[in-house]
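These notes are about the structure you will find just below.
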């Protein structure tokens, strides 16, 4: 591959990052609106955890693998464009839901649409950027998570405060439809790098190959636990601050936009850049950096959900907010290094299946269930106790999993080269 990065490659990366941002704007919007939705529709925490977690994730990951298989054989740009249109349309009609079932069906539609965003995007980026620059490129792309969180909290918080949660869904969904048109008509489908099978490898072969890499097994499990903690924080911090500290959604959305959005983007970019720089000499740095970040984040997040002062609580979340998604670009880059070129979209989908069914599916839902269990004895304090119990534990277990992955990484990359 020519190691010179072209202007169209930078443009494509920028547009795909914007797409990923809209992915998380639509996904994160529900977190800042859920207290208003809970009151309006008469829901429990378990319902909210189901909406933001398992119900969304189950359809997201189920659709992800067949869409990725399609992307390994077909025009990836067109798939991304269709996906953006689908999830944006379903986000808009979420504002029309009159009960839990209708909102659940709308969120399932969002999940199916969003399943078509990342795997084809990952594959396109890996064809545009050489391995030694792929961690930085994937890190830049992964800042879409934080940009989306930023605008999801910021727009959702203020729109909800002034106009209500229903209009917030409609306003946020419409621009994504325009973005789908931009992707379709301005992004070029890049040529695939050399491959022995232009039709893509069978799913069974990709699964078998990934399972044979011990580093992937541990890394995927660790990433899932990292995501478990990250989604729990992202989806429940707003509710915690409203219940335990009485904050309004406008001010709170601004705080969370800065903490989980701006600071998080800095962490993701820095993680990818540092890993590429140090990983030239030892690829284990792609795994070691997430371990360091998790050990910093675990105690701070535990304190954040147990202190009495709201601004101290938010301040304690700055470093966890910075570091919690820094693993993502690294994990994607390593996964692509472990497989052949025409397996990348499918490998991403398998990784995201594991990451999202455990992290997104069970993280918010587990917190909601434990909060409901504790509510009769603790009242509104139950959510803080649930977060303090679950989040740091998941972080420490994730760090242990990454450590185990690092032990096997160099050997597995040599086998893949």
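The values are calculated or read from the model by the stated rules, or taken from the named source; none is laboratory data. Please read all numbers here as calculations on a predicted model, not as lab measurements. Backbone-built Cβ (ideal geometry, glycine too); neighbour counts: all protein chains shown.
Inspection of segment 403-415 identifies no residue that is under 22 Å from residue 235 (Cα atoms) and buried (at least 24 other Cβ atoms within 10 Å of the Cβ). Selection over segment 59-102 of residues that are over 18 Å from residue 175 (Cα atoms) and in a loop (DSSP other than H, G, I, E, B) gives a count of 7. Surrounded by fewer than 24 Cβ atoms within 10 Å (Cβ to Cβ), in contact with a helix residue (DSSP H, G or I) (Cβ under 7 Å, 6 or more places away or on another chain), under 22 Å from residue 153 (Cβ atoms) and at pLDDT 85 or above - does that describe any residue in segment 94-102? Yes.
So is residue 362 over 23 Å from residue 142 (Cβ atoms), part of a helix (DSSP H, G or I) and touching a helix residue (DSSP H, G or I) at 6+ places or on another chain (Cβ under 8 Å) or not? Judged against the criteria, residue 362 is not a match. Scanning segment 385-398 turns up at least one residue that is under 23 Å from the mean Cα position of the chain (by Cα), over 23 Å from residue 290 (Cβ atoms) and surrounded by 24 or more Cβ atoms within 10 Å (Cβ to Cβ).
Can residue 249 be described as surrounded by 18 or more Cβ atoms within 10 Å (Cβ to Cβ), more than 22 Å from residue 402 (Cα to Cα) and at pLDDT below 90?
On the way: surrounded by 18 or more Cβ atoms within 10 Å (Cβ to Cβ): yes; more than 22 Å from residue 402 (Cα to Cα): yes; at pLDDT below 90: yes.
Yes: the conditions hold for residue 249.
With respect to the stated conditions, residue 109 is part of a helix (DSSP H, G or I), within 22 Å of residue 172 (Cβ to Cβ) and either in contact (Cβ under 8 Å) with a residue 12 or more places away in the chain or in contact with a strand residue (DSSP E or B) (Cβ under 6 Å, 6 or more places away or on another chain) (or both). With respect to being surrounded by fewer than 24 Cβ atoms within 10 Å (Cβ to Cβ) and either part of a helix (DSSP H, G or I) or in contact with a helix residue (DSSP H, G or I) (Cβ under 6 Å, 6 or more places away or on another chain) (or both), residue 31 falls outside the description. Residues of segment 285-295 that are surrounded by 18 or more Cβ atoms within 10 Å (Cβ to Cβ) and farther than 15 Å from residue 263 by Cα: 285, 286, 287, 288, 289, 290, 291, 294. A single member of 229, 298 is touching a helix residue (DSSP H, G or I) at 6+ places or on another chain (Cβ under 8 Å), under 19 Å from residue 328 (Cα atoms), surrounded by fewer than 24 Cβ atoms within 10 Å (Cβ to Cβ) and modelled with pLDDT of 90 or more, and it is 298.
For the structure I just gave you, tell me whether residue 159 is over 21 Å from the mean Cα position of the chain (by Cα), over 20 Å from residue 60 (Cβ atoms), surrounded by fewer than 20 Cβ atoms within 10 Å (Cβ to Cβ) and in contact (Cβ under 8 Å) with a residue 12 or more places away in the chain.
Numbers: over 21 Å from the mean Cα position of the chain (by Cα): yes; over 20 Å from residue 60 (Cβ atoms): yes; surrounded by fewer than 20 Cβ atoms within 10 Å (Cβ to Cβ): no; in contact (Cβ under 8 Å) with a residue 12 or more places away in the chain: yes.
Answer is no for this residue.
Criterion applied to 325, 330 was being closer than 25 Å to residue 56 by Cβ and assigned to a loop (DSSP other than H, G, I, E, B), and the one residue passing it is 325.
From 175, 202, 120, 190, grab the single residue that is touching a residue at least 40 places away in the same chain (Cβ under 8 Å) and either crowded, with 21+ Cβ neighbours inside 10 Å or more than 21 Å from residue 82 (Cβ to Cβ) (or both). It is 120.
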